[in-house]
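Peer 1: Supplied in structure tokens, the structure appears directly below.
The values are calculated or read from the model by the stated rules, or taken from the named source; none is laboratory data. Model, not experiment: these values are computed from the prediction. With ideal geometry, Cβ positions are generated from the backbone for all residues, glycine too; neighbour counts draw on all protein chains shown. SASA here: full protein model, heavy atoms, side chains in, ligands and nucleic acids out. Shrake-Rupley method; radii C 1.70, N 1.55, O 1.52, S 1.80 Å.
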Amino acid sequence: MPGRATPTRPPRHLADLDPAERRAVAAELGGPAFRADQLARHYFARLTDDPADMTDLPAASRDQLAGRLLPRLLTPQQELTCDEGMTRKTLWRAFDGALIESVLMRYPQRVTMCVSSQAGCGMACPFCATGQAGLTRNLSAAEIVAQVVAGARALARGEVPGGRGRVSNIVFMGMGEPLANYASVLRAVRRITDPVPDGLGISQRSVTVSTVGLVPAIRRLTAEGLQVRLAVSLHAPDDELRDELVPVNRRWKVAEVLGAAWDYAAATGRRVSIEYALIKDINDQAWRADELAGLLAGRLAHVNLIPLNPTPGSRWTASEPGSMREFEDRLAARGVPVTVRDTRGSQIDGACGQLAAPARVADPLQISTQVL
Ligand code: SAH
């Protein structure tokens, strides 16, 4: 297209490749194929990509191998923490200057990382900060994995308050629409869930892929035979309102999206998460709760109600506590499992839908900012 720069791809990285592909590359570089396995152990098990740490590799080929298979993909630009350091958001700069964010949330029994799958997002949901900026580009599988490795490394080194730890859960709820970057997201899921040292060894059941409802991609995911959890960002039970809140609904309607979700649930045996951001006077009416309950009752589903995190310049706000409670009660009364999502990280613009680089500092008293 005239006037548009040729898209460039991120450098190839070990985490873009499956074990057989890695061995082929190691052999191409003139060494034994098992060098690839050694590198994988350094990256996925020891969480290092520094050639100086790789004393089991011959000194002469260390730099070459690491240079070709472990290029540094993401550079931290800024780190924001809150909740006594238990929530931390990192702003990353990619090789081409694209900015993305990831969030680490430490809870007593688990550590969840919220990762980005694209720089920006093309889905244009009007209540979401990322949606306002449009899509910059897809991330590579390794750029997605690198966000997790960075969090895992910080935990392993005891840099997160609460002692040494591990990443237990991954949610694809950062920037981007994961199913619009299907191939890279799938590869990233494999690297995250392949057993150590081929991958990070996180259980598939602890990975959640969240989507606006790209029906053909949900069906494709169903056929993969994975055990990952599917989350569908529904936000309205009726097409009229969902056409506005989630514009891709004009292409795939509520009934089609839920049809694909139920097939996913049947194939995997796993409950689908239905995400519903409660927006005052927009989608939080009692009758909409009843209509939603009608769609979900008896299905393998769980509703996550998220008080809207208002984005800058938006006229929309979170629902009142009373209407939230009523919405929740109406779903529960019909036997629909429902919880209200916590809004961790809202002070650092790190809560759902707020990820939109560059980070703004909301309240410097409660937040610790480190420009890196
Ligand atoms: N594109 C994917 C994943 C990224 S968003 C998706 O839409 O599912 C992760 C979740 O945060 C989605 O459910 C999204 O609808 C929700 N979200 C976006 N903006 C929000 C906001 N301002 N307040 C609350 N939730 C929001």
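Peer 1: Take Arg35 and decide whether it is outside the structural domain of Glu101 (by TED's automatic domain parsing) and open to solvent by 50 Å² or more (accessible area, probe 1.4 Å).
Peer 2: No: the conditions fail for Arg35.
Peer 1: When Gly158 is evaluated against the numbered criteria (1) touching a Gly at 6+ places or on another chain (Cβ under 9 Å); (2) within 16 Å of the ligand (Cβ to nearest atom), which criterion, by number, is the only one it fails?
Peer 2: Among (1) touching a Gly at 6+ places or on another chain (Cβ under 9 Å); (2) within 16 Å of the ligand (Cβ to nearest atom), the lone unmet condition for Gly158 is (2).
Peer 1: Might you check whether a residue that is more than 11 Å from the ligand (Cβ to nearest atom), free of Cβ contacts under 8 Å to residues at least 40 places away in the same chain and among the aromatic types (Phe, Trp, Tyr) occurs anywhere in the stretch 100-113?
Peer 2: Yes, the conditions are met somewhere in the stretch 100-113.
Okay, residues lined up against (1) small (Gly, Ala, Ser); (2) over 22 Å from Ser346 (Cα atoms); (3) assigned to a strand (DSSP E or B):
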residue	(1), (2), (3)
Arg62	no, yes, no
Pro71	no, yes, no
Arg88	no, no, yes
Ser102	yes, no, yes
Ser116	yes, no, no
Gly131	yes, no, no
Arg137	no, yes, yes
Gly151	yes, no, no
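Peer 1: Continuing with this model, one more query. Residues that are in contact with a Phe, Trp or Tyr (Cβ under 6 Å, 6 or more places away or on another chain) and open to solvent by less than 20 Å² (accessible area, probe 1.4 Å): list the strands (runs of 3 or more DSSP E) wholly contained in the stretch 154-233 that include at least 1 such residues.
Peer 2: 207-211, 229-233
Peer 1: Still on this model: So Cys121 ticks every box in (1) away from the ligand (no atom under 16 Å from the Cβ); (2) under 28 Å from Arg251 (Cβ atoms) but one. Which box is left unticked?
Peer 2: Against the list (1) away from the ligand (no atom under 16 Å from the Cβ); (2) under 28 Å from Arg251 (Cβ atoms), Cys121 comes up short only on (1).
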